[in-house]
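As structure tokens, the structure follows; a few thoughts come after it.
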Amino acid sequence: MSQEKLKDLSRLCIHTITTKPWDIRTAAQNFSEAGIAGITVWRDVLDGKNIQHTGSMLRDLDLRIVSLCRGGFFPHTDHGERIRAIDDNKKAIDEAAALGAPLIVLVCGASPDQSLQESRDQIAEGIAAIIPYASSANIKLAIEPLHPMYADTRSAINTMAQANDMAEQLNSETVGVAIDVYHLWWDPALKTEIQRCGNNKHIFAFHICDWKTPTTDLLLDRGLMGDGCINIRQIRRWVEEAGFDGLNEVEIFSKKFWEEDQAAFLSKITKAYLDHS
Ligand code: ZN
């Protein structure tokens, strides 16, 4: 591979869920051989694994561990379930520490059995409850606003403004925001809210993929960069102008791509990344 291309991939990270058919070792070996700089690890791939050894394996392959996905899912109508959610987030913090991941992405959660405001209050309470545990483990937490089509069950935090409000309210160096173009590209306040997030030093992560037309599945039909209508370059510029200098994380859930040969898919990812982001 040319030096120029390797340099261009020096800020590329891929989520393990993007190449879901691969186990973590296969994914990591392929990412490393392709010259990709980082990996974000989804918790499911750690099931039954020695997490510390997995972290060492990733570092031995020269992969930077960007984050652990995912914590969150705080709201429930039942108090006992809310306590269980906090315990599970503490477990995720333990896993991140064992892995050597500095950050956990929070998909904050929502319950269709209560108001969005009740869910938001429970999210704030849940994050506040785990901040001391995360801080003492030196793990940061990123609130990821999700597209409003997920406001019933996945997240009552749906815009950058809401994520910024909550991060400001929680007022802790531990808590910031994960910006995902798939969830936020439509927001007319996106540029100003990215600037606000940057001014607060709250941009903790940047996730990319594309929005396909038509989208045939609300969850599992994300596109490769360039396959859809998101101006990824422009949003990336706003994020970088706001001071973010971390990795660009490719996070694609796609039944279509998971059915393909994953090595060929990985080549498409690096090409799409270089051409469209
Ligand atoms: Zn994301």
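Remark: the SER172-TRP186 segment gains 2.2 nm on full extension, using 0.36 nm per residue and subtracting the alpha carbon distance.
Take every DSSP beta bridge whose two residues both sit in the chain; close to 5 percent of them are antiparallel.
Straight-line cross-link partners of LYS255 among the lysines, defined as a Cα under 28 Å from its Cα and at least 8 positions apart when in the same chain: LYS20, LYS49, LYS212, LYS268, LYS271. Within the full protein context, the accessible area of VAL45 is estimated at about 30 Å² for a probe radius of 1.4 Å. Only one residue of HIS79, CYS209, HIS183 has its Cα farthest out toward the positive end of the dipole of the chain, where Lys and Arg carry +1 and Asp and Glu -1 on Cβ, and that residue is CYS209.
The stretch 150-198 and the stretch 65-99 have Cα centres lying 19 Å from one another. Only protein heavy atoms count here; on that basis, with a 1.4 Å probe, THR192 has an accessible area of about 80 Å².
Within the straight-line cut-off of under 28 Å between alpha carbons, the lysines reachable from LYS201 are LYS7, LYS90, LYS91, LYS140, LYS191, sequence neighbours fewer than 8 places apart in one chain being disregarded. Subtracting the Cα-Cα distance of ASP60 and GLU33 from their residue separation scaled by 0.36 nm leaves 8.5 nm.
Note on LYS49/ASN138: beta-carbon distance plugged into 1/(1 + (r/R0)^6) with R0 of 30 Å gives a FRET efficiency of 0.85.
Relative to 2.2 N^0.38 Å, what does the C-alpha radius of gyration of the stretch 17-143 come to as a ratio? Two decimals please.
1.14
Share of carbon and sulfur in the accessible area of the stretch 1-128 stands at 46%, probe radius 1.4 Å. In the stretch 117-195, the convex hull through the Cα atoms has an average projected area of 5.3 nm², a quarter of its surface area.
Of all segments of the chain bounded by GluC sites (Glu not before Pro) found in a DSSP loop with no more than 14 other C-beta atoms within 10 Å, the longest spans 1-172. Taking the Cα centre of the chain as reference, the dipole from Cβ charges on Lys and Arg (+1) and Asp and Glu (-1) amounts to some 560 debye. Relative to the 2.2 N^0.38 Å rule of thumb, the stretch 160-251 has a C-alpha radius of gyration ratio of 1.09. Note on the stretch 205-277: Rg/Rh from Cα positions, Kirkwood definition for Rh, rounded to two decimals, is 0.98. Mean separation of Cα pairs under 8 Å and 6 or more residues apart, divided by the residue count, gives the chain a relative contact order of 17 percent.
The order of LYS201, LYS90, LYS256, LYS212 by accessible area, most exposed first and with a 1.4 Å probe, is LYS201, LYS256, LYS90, LYS212. Distant-in-sequence amide contacts of GLY71, defined by a placed amide H-H separation under 5 Å and a gap of 5 or more residues or a different chain, comprise VAL105, LEU106, VAL107. Over the chain, the pair-distance histogram of Cα-Cα distances with 10 Å bins from zero comes to 7, 30, 38, 22, 3, 0 percent, rounded to whole numbers. Of the residues MET160, MET57, ranked by 1.4 Å probe accessible area with the largest first, the sequence reads MET57, MET160. Solvent-accessible surface of the stretch 3-276, averaged per residue with a 1.4 angstrom probe and all protein chains in place: 43 square angstrom.
The values are calculated or read from the model by the stated rules, or taken from the named source; none is laboratory data. None of these values were measured; they are calculated from a predicted model. Every residue, glycine as well, gets a Cβ built from its backbone with ideal geometry; the counts of neighbours run over all protein chains shown. These accessible areas exclude ligands, DNA and RNA; they are computed on the full protein's heavy atoms, side chains included. Shrake-Rupley method; radii C 1.70, N 1.55, O 1.52, S 1.80 Å.
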